[in-house]
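Reviewing the structure listed below.
Readers should treat all values here as calculations from the given coordinates under stated rules, not as data from a laboratory. Note that the structure is predicted; figures quoted are calculated from it, not measured. Because the Cβ atoms are built from the backbone with ideal geometry, glycine has one as well, and the counts that use them run over all protein chains shown.
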Amino acid sequence: MEAYEQLSEAKPALADTSTTLEKFEPKGAIAFFAGLVILGLIIWFGIYFLMLSRI
Amino acid sequence: MSLIDKTEKRVMMASGAVLALFLFSVLYAKGKYKSDLPECLPYSKAYETPKVTKLDDSTYQVFAVAQMWQFQPSEIYVPVGSEVDFFVTSKDVVHGFNILLKNVNMMAIYGNINKTTVKFDKPGVYKITCHEYCGVGHQNMQAQVIVNYPTEPPPNLPR
Amino acid sequence: MQVSKSFKRLIFWELGIPVSLLIIGIYHGLMQTIYRSGVIHQSSFAHLDYYQGLTMHGVINALVLTTFFAVAFGHACITFYLKKEPNKVLGWLSFALMIVGTVLATGAMVSGKASVLYTFYPPLKAHPLFYLGLALLIVGSWIPLYDWARMYVKWKAQNPLVKTPLAVLGTLINFTIWFVCTLAVAYEVLVLLLPWSMGWTPGVNVTFARTLFWFFGHALVYFWLLPAYIMYYTILPKVADGKLYSDLAGRIALFGFLLFSIPVGVHHQFSDPSIERGTKFFAGLLTYGVAIPSFITAFTLAASLEYAGRKRGAKGLFGWMGKLPYLDPNKYLFAYMICGLILFIFGGLTGLVNASYQLSSVIHNTAWLPGHFHMTVAGPVFLAIIGMSTYLYSKMSGKRVFLPKVNVIIPYLWVIGVLIFSTGLSWGGLIGEPRRTNLGLSYLNPSNELFRPDWVPTTMLALCGGIIMFIAGVLFFIVFFGTMLRKQTEEGILELPVSEAYHDERRVPLFDQFKPWLITMAILIVLAYVPAIMNVMKNTGPKAPRFTPDNPVPVAILNK
C-alpha cells in the first residue's frame, strides 16, 4: 500500500486542485446509471418486439 | 463492514436484475412463440439437391442450396398461412441465408445442414439475401419466397 | 521516469508503423460508405477492389493497429509502474516478428490474392503468406507477455503485500486472455489453413475452423478494449481532476473479463449449422456474464467523474457533467476518453441485443453489426489508441503536440461521425441491409433489378457519418505526423497520469493473484467449448476444397 502511494506521489501532479471532498455520495452517477439501464431496456425491448412481430 | 462500496454492490445487483429480465424474456419467447435459433442437423447428402416439397396444404419443405452466386431454388411459391421448413447448405464457400423481415437468418456451409421453420401469414414477396461475403458476385445473390402474390404460382412451375 | 533510447525507439516504431498503415485502413473506410451508398457503381476504384479494400480495412484497423498498440501500451504501463524496462532483445524480437508478419499479410492483400476479409473463413482461400503473416504477428505479440510475467513475479516477490498496480494487473490480464485465445487461431491458421492453402491437405472442416476462429474472435474484442479500460480506470479520473471511485471495482471488472472473454465466442455462431441449441444458449448466458464488468465500469467511471465535477463546485444531480475539462487542449486525453465512453454506451447496449440468443436472428450479419462494432472498436478502442499514441509519442520524444486545439476537437468530430454512421447502419440492418456487400453494384443501383429504394436513406446516413469520420481521421494524421516533425523542446520521459482512488480498499488477496481465476477460466472454457467442438465433429460432413473469390470451381479442379 505504501509503495503504491509513494509511486503516485512521485509523479508530478498534472493540475491538482487542493480541495478534496470528504463526504461524497455519487447521487448523480446513480441517476446516470438508472438512465443507462432505462436506455438499455428501450433498445433491447425495441429489438425484442421487432423480433416477435416478424415471427 | 463490507469491503466493497455499497453503491457498487447495488450496481452489480441491478445489472444482474436487468440481465435476468432479458433472460426471462428470451425464454418466454422461446416457450410461448417457439421463436428459436436454427436447428442442428447431422450432415446428409440428400439436402444437396434443391427442391420444394409439399407435405400438406399448409406445410412445405424447402431444400435450399447456396452456391457462387445464386440460390436454388431461386423462386419458391407457397400459399398464405403455410409453415415452411428451410434446410440450407452450400456447394462451395460460406453463404448467408437471410429472409428479410422474417426471423430466418442462417449460414449456409459446405458439408453442413442448417434448418429453421417459419410461417408466412401475409401474402407478399419475401427476399432472400446472401449476407456473407462469398466472392466477386456476392452482391447479386438473391432469391425470393412468393406467398400468394400477385397470383397463384403458374402451373408449369415445379412446386 | 527516464527510459533508455532503445526503449523509446521501440515504442515509437510500435506506434508509428500501425498509424502509418491506418492511412490505408481509414481511406478504405470512407470508400466503403461511398460504394455502399451507390454514389459509385463500381467493383473497384483506383485499382483497389471493394472486397480487397474491405479486407485491408479489417486487417489493418482491427488486427494490426490494435495488436501493435496493445504491445506498446503494455510496455509503457509495465515499465512505468514496475519502474523497470523490459528485456531489450525480447522487445525488439517481438517487434521484428510482428513487422515481418504485417509486411507479409499486407503484401498478400495488396497483390489482391487475399481478399478474404479479416475473418478469413474457409473454404475461401487466401495466399499462404497471408496466413503466415497473421501467425507471425500473433506470435510476436506473445513474447512481451513472457517478459512482463517474469518482471511481475519478481516484483511481487519483493512486494508481496502491496496491491498490484491496476494498470499492471490489467495489462497482464489482457495478454493472458490474448495468449489463450490466440492459441486457437494459431492452430486454425498453422495446422488447418496453411497446409490446405498450399494444397498439401485436400479439405478443411469449415465449421471447425469457424469455431476456432471465434474462440479467438470474441476474446479479441476484449483484447482491443482492455487497454482503453486500463486508461479509464487509471488515467481518466486523474485528467478530470477527480479520483477513481473504487479501486476494488476496477479489479473485479478486470478479473470478470479474464473469466468470461473466451468462453462466450460461440455467440458469433448463433446462425451456424452443426452446433446444438443448448451449446449456443450457454454461450449467450455467459455473454450476459461479461456484460456485468462493463455495467460496473459505467457506474464507477460516472461516479469518478461526478467526484471531479463536484470538486470543481458542481451542484445538482447532473451539474458535474458540465464541469469537466472537455475542451482543455492540455488535457486532450480527457476528450478522447469521454468521447469513447459516449459511444460505448450505445456500443455496449447494442452488444447485449446481439448476445441475446434468438434476437440474433433479427440482426445477424446485417448492417446492424458494423453499426454496433463501430461504437465499440471504432469508439472507445480507436479513440483511446489514437489519443494515447499522440500522448506517448509527444511525452517520450519531448515534442509538443502539433495543433493542440485541433487535437482536442478530433474526438468530438469522430463521435458525431460515428453516431451518424452507426445510426445509418443499424437502421439499415433492421430493414435487411447486409453487411460486407458492395451494395452500389446491385441493391443501391437504380438501373439494377435488385435496386432497393428503402436502403437509400440509411446508406446515405452512413455516407455522411463516414465523411465526418474521415475528416477526423485526416486531422489526426496531421496532428500525429505534425508532432513527429516538430523539434524536441523538452526532455523525453515516460509519464502516465496516475489516478488516486476515493475508495482505496485494502488489499484483498483473492483480487491480487491469478491462480484461482485462471483455473475458473479454464473450467468455463472447457464447459463452453468441449460441447461445441463435439457438436461440430458429430454433425459436419465432408471437408471443403479450396475456392478463390472469383470462381465457383474449386482450385484443385481448375489447376488440372
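Brief remarks on what is shown
- FRET efficiency for the pair C:Asn559 and C:Gln513, taken as 1/(1 + (r/R0)^6) with r the Cβ-Cβ distance and R0 = 60 Å, rounds to 0.60.
- Extension gain, C:Glu495-C:Ser111: 0.36 nm per intervening residue step, less the Cα-Cα distance, totals 134.1 nm.
- Cβ-Cβ distance of C:Ile523 and B:Arg10, R₀ of 25 Å, FRET efficiency by 1/(1 + (r/R0)^6): the value works out to about 0.30.
- Under the simplified labelling scheme, the C:Asn551-C:Ile467 pair shows an inter-label distance of 4.2 nm, with each label point 7 Å from Cα along Cα→Cβ.
- Greater than 19 Å apart at Cα, pairs in A:Lys27/C:Lys323; C:Lys84/C:Lys154; C:Lys243/C:Lys405; A:Lys27/C:Lys315; C:Lys88/C:Lys154; C:Lys238/C:Lys395: C:Lys243/C:Lys405
- HN-Hα J in Hz across the stretch C:231-241 - Karplus 6.51, -1.76, 1.60, θ = phi - 60°, x for Gly and Pro: 5, 4, 7, 9, 10, 3, x, 5, 5, 8, 6
- Converting phi to 3J(HN,Hα) with the Karplus coefficients 6.51, -1.76 and 1.60 and the offset θ = phi - 60°, the stretch C:29-42 yields x, 4, 4, 4, 5, 6, 4, 5, 7, x, 5, 10, 10, 9 Hz in sequence order, with x at every glycine or proline.
- Shielding by other protein chains, C:157-170, mean Cβ within 10 Å: 2
- For the stretch C:219-235 versus the stretch B:7-73, the gap between their alpha-carbon centres in whole angstrom: 33 Å
- Approximate spin-label separation C:Val89-A:Leu50, in nm, with each point projected 7 Å along Cα-to-Cβ: 5.7 nm
- For chain B, a Gaussian network of Cα nodes joined below 10 Å ranks B:Phe24, B:Phe87, B:Phe71 by mean-square fluctuation, and the top entry is B:Phe24.
- Anchor B:Lys119: lysines whose Cα lies under 25 Å away (excluding residues fewer than 8 positions away in-chain): B:Lys30, B:Lys32, B:Lys34, B:Lys51, B:Lys54, B:Lys102, B:Lys127, C:Lys280
- FRET efficiency, B:Lys51 to C:Val153 (Cβ-Cβ, R0 51 Å, nearest 0.05): 0.20
- Around the amide H of B:Ser82, modelled in the peptide plane, lie the amide H atoms of B:Phe120, all under 5 Å away and 5 or more residues distant in sequence or on another chain.
- Dividing the mean sequence gap of close Cα pairs (under 8 Å, 6+ apart) by how many residues the stretch C:99-209 holds gives a relative contact order of 32 percent.
- The protein assembly as shown shape via C-alpha gyration tensor axes, a/c threshold 1.5: prolate
- Simple point charges give the picture: +1 on the Cβ of Lys and Arg, -1 on the Cβ of Asp and Glu, and for chain C a dipole about the Cα centre of about 980 debye.
- Karplus-derived 3J(HN,Hα), 6.51/-1.76/1.60, for each residue of the stretch B:50-65, Hz, glycine and proline x: x, 6, 10, 10, 8, 7, 8, 4, 10, 10, 10, 10, 10, 9, 9, 10
- Sorting B:113-120, A:47-54 by average packing, meaning the other beta carbons within 10 Å per residue, from highest down gives B:113-120, A:47-54.
- Residues whose placed amide H lies under 5 Å from that of B:Tyr77, excluding near-sequence neighbours: B:Ile146
- Positive minus negative residues near C:Pro554 (Lys, Arg vs Asp, Glu; Cβ under 14 Å): +3
- Extension gain (nm, one decimal) between C:Arg9 and C:Ser43, 0.36 nm per residue minus Cα-Cα: 8.1 nm
- Take each residue of peptide B:61-72, count the partner chain Cβ atoms within 10 Å of its Cβ, and average: the result is 1.
- Chain C, relative contact order [Cα under 8 Å, separation at least 6], %: 20 percent
- When the square roots of the Cα gyration tensor eigenvalues are ordered a ≥ b ≥ c, the ratio a/c for the stretch B:39-147 is 1.5 or more and a/b does not exceed b/c, which makes its shape oblate.
- Interchain or long-range residues, amide H under 5 Å from B:Thr116's placed H: B:Glu39, B:Phe86
- Counting only alpha carbon atoms, the long axis of helix B:6-32 and the longest principal axis of chain B meet at about 30°.
- Peptide B:97-103 has a mean of 6 when you count, residue by residue, the C-beta atoms of other protein chains within 10 Å of its C-beta.
- Electrostatic dipole magnitude of the stretch C:1-129 [Cβ: Lys, Arg +1; Asp, Glu -1; Cα centre; debye, to 20]: 360 debye
- Percent RCO, i.e. relative contact order, over the stretch B:39-147, from Cα pairs under 8 Å lying at least 6 residues apart: 28 percent
- Cα shape, the stretch C:5-551, gyration tensor, a/c 1.5 rule: rounded
- For the stretch C:64-122 versus the stretch A:22-48, the inter-centroid distance based on Cα atoms is 38 Å.
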